[in-house]
1. Which count do you get for residues in the stretch 66-81 that are polar (S, T, N, Q) and outside any helix (DSSP H, G or I)?
2. Within the bounds of the stretch 121-129, is there any residue that is hydrophobic (A, V, I, L, M, F, W, C), in a helix (DSSP H, G or I), at pLDDT 95 or above and more than 16 Å from Pro98 (Cβ to Cβ)?
3. Kindly provide the set of residues from the stretch 35-55 that are in contact (Cβ under 8 Å) with a residue 24 or more places away in the chain, surrounded by fewer than 16 Cβ atoms within 10 Å (Cβ to Cβ) and in a loop (DSSP other than H, G, I, E, B), ordered by number.
4. Name every residue in the stretch 136-154 that is assigned to a helix (DSSP H, G or I) and either farther than 15 Å from Tyr105 by Cβ or in contact with a helix residue (DSSP H, G or I) (Cβ under 7 Å, 6 or more places away or on another chain) (or both), in order of residue number.
5. Quickly run through the stretch 157-213 and pick out the residues that are of a type in the set (Val, Ile, Thr) and either part of a helix (DSSP H, G or I) or modelled with pLDDT of 85 or more (or both).
6. If we scan the stretch 100-113, do we find a residue that is open to solvent by less than 10 Å² (accessible area, probe 1.4 Å), at pLDDT below 90, assigned to a helix (DSSP H, G or I) and of a type outside the set (Lys, Arg)?
7. With the condition kept exactly as written, say whether any residue in the stretch 125-146 is acidic (Asp, Glu) and surrounded by 18 or more Cβ atoms within 10 Å (Cβ to Cβ).
8. Assuming Ile79 fulfils every condition listed in (1) buried (at least 16 other Cβ atoms within 10 Å of the Cβ); (2) in contact (Cβ under 8 Å) with a residue 40 or more places away in the chain apart from one, which condition is it?
Amino acid sequence: MKKICVIWASSGIWKALSEYYKDHWDTVDTITRVSYDLSQNEDIKKLCLSISKKDYDFVIYSAGVWYHRKFEDLTADEISAQISVNTLAPLQLIHALPEGIKFIYISSIMQYIPAKNMSVYASMKRATSQALKTISLENSNRNILDIDLWAVRTPMHLKAGMKKTVWKEIDRVIPKIVHAIENKQGSTTLFWDWFLMIYIVFPLMRVFLWLKK
């Protein structure tokens, strides 16, 4: 019997992924924002306790909070929420999980280059990805996968304030995510153009920013 848990699967990619798994797996549990507010430490603790008692095969941490504004325009609560949801909650969760459960963290390729209106979001994604890589080095029994995504047409980007960008459609992304979840570990990026962004475009942008100083 295969069991999977998707955290914050109320809309977008993760709702679609949950629906896919419901047709292919025996047990698919979805954790919504209403059930657990992961910007609150008490709710993080409750979620850790609940999931640690289940014998899941996979736990997918798809929760994320992003406010598409300059750092000076963010409120203290918005800064705190991004830190808690994007970093504190996933690290506490993996700490609580038994080693046999595969933990999948959904990150962003925007962690690789400074960008306007992403100060806290991008830095927290970077911090968590680096922490998971280190955890894997420390404990080879931990099965961890970090998936780097870029812009996909979902309510998250519209809610964050982005009106125009280079979107990928959800139906193109889901098969790639499914394959990565079931076959990969460590860190992965899904599309060739996203690879180009990380390994060619972003490094060149770093050089440009350095020369511009």
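The values are calculated or read from the model by the stated rules, or taken from the named source; none is laboratory data. Since the structure is predicted, the reported quantities are computational estimates derived from the model, not experimental observations. No Cβ is skipped: glycine too gets one built from the backbone with ideal geometry, and neighbour counts run over all protein chains shown. The accessibility values were calculated without ligands, DNA or RNA, using every heavy atom of the protein model including side chains. Shrake-Rupley method; radii C 1.70, N 1.55, O 1.52, S 1.80 Å.
1. Residues of the stretch 66-81 polar (S, T, N, Q): 75, 80.
Applying the additional criterion that residues be outside any helix (DSSP H, G or I) yields 75.
Residues in the stretch 66-81 being polar (S, T, N, Q) and outside any helix (DSSP H, G or I): 1 in total.
2. Restricting attention to the stretch 121-129, the residues satisfying the condition of being hydrophobic (A, V, I, L, M, F, W, C) are 122, 124, 127.
Checking which are in a helix (DSSP H, G or I) leaves us with 122, 124, 127.
Filter once more, so that each one left must be at pLDDT 95 or above: 124, 127.
Remaining after also requiring more than 16 Å from Pro98 (Cβ to Cβ): 124, 127.
There is at least one residue in the stretch 121-129 that is hydrophobic (A, V, I, L, M, F, W, C), in a helix (DSSP H, G or I), at pLDDT 95 or above and more than 16 Å from Pro98 (Cβ to Cβ).
3. Of everything in the stretch 35-55, those that are in contact (Cβ under 8 Å) with a residue 24 or more places away in the chain, surrounded by fewer than 16 Cβ atoms within 10 Å (Cβ to Cβ) and in a loop (DSSP other than H, G, I, E, B) turn out to be Gln40, Lys54, Asp55.
4. First, the residues of the stretch 136-154 that are assigned to a helix (DSSP H, G or I): 136-138.
Of everything in the stretch 136-154, those that are assigned to a helix (DSSP H, G or I) and either farther than 15 Å from Tyr105 by Cβ or in contact with a helix residue (DSSP H, G or I) (Cβ under 7 Å, 6 or more places away or on another chain) (or both) turn out to be Leu137, Glu138.
5. Just the residues of the stretch 157-213 that are of a type in the set (Val, Ile, Thr), to begin with: 165-166, 170, 173-174, 177-178, 181, 188-189, 198, 200-201, 207.
Across the stretch 157-213, the qualifying residues are Ile170, Val173, Ile174, Ile177, Val178, Ile181, Thr188, Thr189, Ile198, Ile200, Val201, Val207.
6. Within the stretch 100-113, one or more residues are open to solvent by less than 10 Å² (accessible area, probe 1.4 Å), at pLDDT below 90, assigned to a helix (DSSP H, G or I) and of a type outside the set (Lys, Arg).
7. Of the stretch 125-146, the ones acidic (Asp, Glu) are 138, 146.
Right, trim to surrounded by 18 or more Cβ atoms within 10 Å (Cβ to Cβ) and you get 146.
Yes, the stretch 125-146 contains at least one residue that is acidic (Asp, Glu) and surrounded by 18 or more Cβ atoms within 10 Å (Cβ to Cβ).
8. Unmet condition: (1).
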